[in-house]
Amino acid sequence: MRRPGLLALVALAACSGDGEDNVYEFGPFDVAAQEEVTSKCVQISLHNADTIFINSVELTTGPGFHHSNWFFVPEHRFAGAEGTFNCKDRDFNIAAAAATGGVFFAQSTQSTHEVQAFPTGMAIPLPPRTKLIGQIHLLNRSDEDLVINPSLKLTPIPEAEVTKKLAGISMEFHPLSLPPRKQSRFTVDCDLEPYRDVEKNRDLDFNIYYTLAHYHQYGTRMLLEAVTPTDTASTIYTTTNSIGDALGGPLLPPFPMTGNTRLRLTCEYYNNTDAMIYYGNGDGEMCVFLAFSDSPWLWGGGVLDETPDPTSGVDQGGVMTFTRNCSMFTREAY
């Protein structure tokens with residue numbers, strides 16, 4: 001891996017990032033015609049002696065780079081050399097990464113250029129001696145071989161300019177089972193109230209500033225709602241964007257969670273094939289949501305059980321509808 005931004009990143013805590021070349025190139029990746037690669041991860045060590053504050057992340061990829069999810073973790077986790085590696089060789093998994101670090105960035109499906117930019121003064125704090133781990137998915141549907149040369153650009157700001165520290169909220173619905181030739185809907189309703197702890201500054205009065213949806217070619221809509229104790233729902237974010245579009249962006253104005261005690265995630269699909277479609281890469285589907293808030297706690301959850309139950313759906317007006325119980329976890333973010 002060539003890392004032209006190394007010297008700048010060593011001094012990130014003391015500079016604004018203006019004019020700095022904090023760009024990390026990784027790869028290149030040779031992807032043969034009709035080839036799919038789901039086993040690879042990428043490591044980028046930042047070598048930061050102090051906490052750094054990242055205001056924006058810019059990922060540039062190209063055709064064949066289907067999607068990627070990025071986490072920050074301590075340097076000693078998933079130990080090994082820089083660059084590309086087989087995820088299983090280091091026992092990498094999303095749950096372990098979230099438990100020891102946090103969600104950093106996610107790429108929309110088949111988006112070749114994406115910017116995760118927060119308003120002025122807002123940033124994700126990255127603790128000293130942090131590295132980034134990206135779980136990548138390569139998929140070349142064409143009849144021509146591809147060579148992909150991706151890059152990741154970080155824009156830091158000085159601590160003195162930070163007005164809001166941001167932390168991730170992630171929700172997923174794993175046991176998908178899209179019935180053939182039919183519309184389907186999968187919903188999970190997560191109660192945050194049991195995790196409220198005002199004394200530990202883990203209250204529900206935070207604001208959500210940035211959101212991102214992730215699904216594949218059969219996805220038709222994603223909806224995230226905030227719900228009050230009296231079951232009044234408000235839309236935080238919804239999308240019907242086409243695959244290849246950036247499915248994330250800042251919320252203007254930010255969404256206040258004050259008065260709400262639940263988060264409800266809904267993913268909708270239309271399966272135009274003759275086969276059942278399950279959660280996974282390739283021709284599989286996904287239902288993943290990422291957001292950033294000013295809560296000092298990381299929030300994560302959803303339906304994490306990997307076992308689908310196609311028989312549990314209920315036909316509601318021609319839409320096969322599935323609901324499952326939510327599992328939630330929280331951790332201090334910084």
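Tabulated results
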| read-out | value |
| --- | --- |
| Projected-area average for the stretch 246-298 over all orientations - Cα convex hull basis, square nanometres | 6.0 nm² |
| Residues whose placed amide H lies under 5 Å from that of Ile52, excluding near-sequence neighbours | Leu126 |
| Carbon + sulfur, % of accessible area of the chain - ligands and nucleic acids excluded, 1.4 Å | 49 percent |
| Rounded to whole Hz, the Karplus (6.51, -1.76, 1.60) HN-Hα couplings of the stretch 186-203, x for glycine and proline | 10, 10, 10, 10, 10, 8, 8, 4, x, 9, 5, 8, 4, 4, 9, 6, 10, 9 |
| Theoretical ellipticity at 222 nm over the chain - DSSP helices of four or more residues, -39500 (n - 2.57) apiece, nearest 500 | -1000 deg cm²/dmol |
| For the stretch 307-322, 3J(HN,Hα) per residue [Karplus equation, 6.51 cos²θ - 1.76 cosθ + 1.60, θ = phi - 60°, Hz, x = Gly/Pro] | 9, x, 9, x, 7, 8, x, 10, 6, 10, x, x, 10, 6, 10, 10 |
| Stretch gain in nm, segment Asp305-Glu75, where the contour uses 0.36 nm per residue and the Cα spacing is subtracted | 79.9 nm |
| Contour minus Cα-Cα distance for Lys164 and Asp143 (0.36 nm per residue) | 2.9 nm |
| 1.4 Å probe accessible area per residue over the chain, in Å² | 42 Å² |
| The stretch 101-193: C-alpha gyration tensor shape, a/c 1.5 cut-off, then a/b vs b/c | oblate |
| Cα-Cα over 19 Å, subset of Lys88/Lys153; Lys165/Lys200; Lys40/Lys88; Lys131/Lys153 | Lys88/Lys153 |
| Contour minus Cα-Cα distance for Thr51 and Glu199 (0.36 nm per residue) | 50.8 nm |
| Peptides 165-173, 43-51 ordered by average Cβ neighbours within 10 Å, highest first | 165-173, 43-51 |
| Per-pair calculated FRET efficiency, R0 = 30 Å: Glu35 and Ser312 via Cβ, rounded to 0.05 | 0.25 |
| Distance between the stretch 19-58 and the stretch 235-314 - C-alpha centres, whole angstrom | 24 Å |
| The stretch 280-332: GluC sites (Glu not before Pro) falling in loop per DSSP and having at most 15 other Cβ within 10 Å | Glu306 |
| Spacing of the two label points (7 Å from each Cα toward its C-beta) at Tyr278 and Ser151, in nm | 4.1 nm |
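The values are calculated or read from the model by the stated rules, or taken from the named source; none is laboratory data. Quick caveat, the model's predicted, so the values are computed rather than measured. Glycine also receives a Cβ, built like all others from the backbone with ideal geometry; neighbour counts cover every protein chain displayed. Accessible surface is based on the protein model in full, side chains and every heavy atom, while ligands, DNA and RNA are left aside. Shrake-Rupley method; radii C 1.70, N 1.55, O 1.52, S 1.80 Å.
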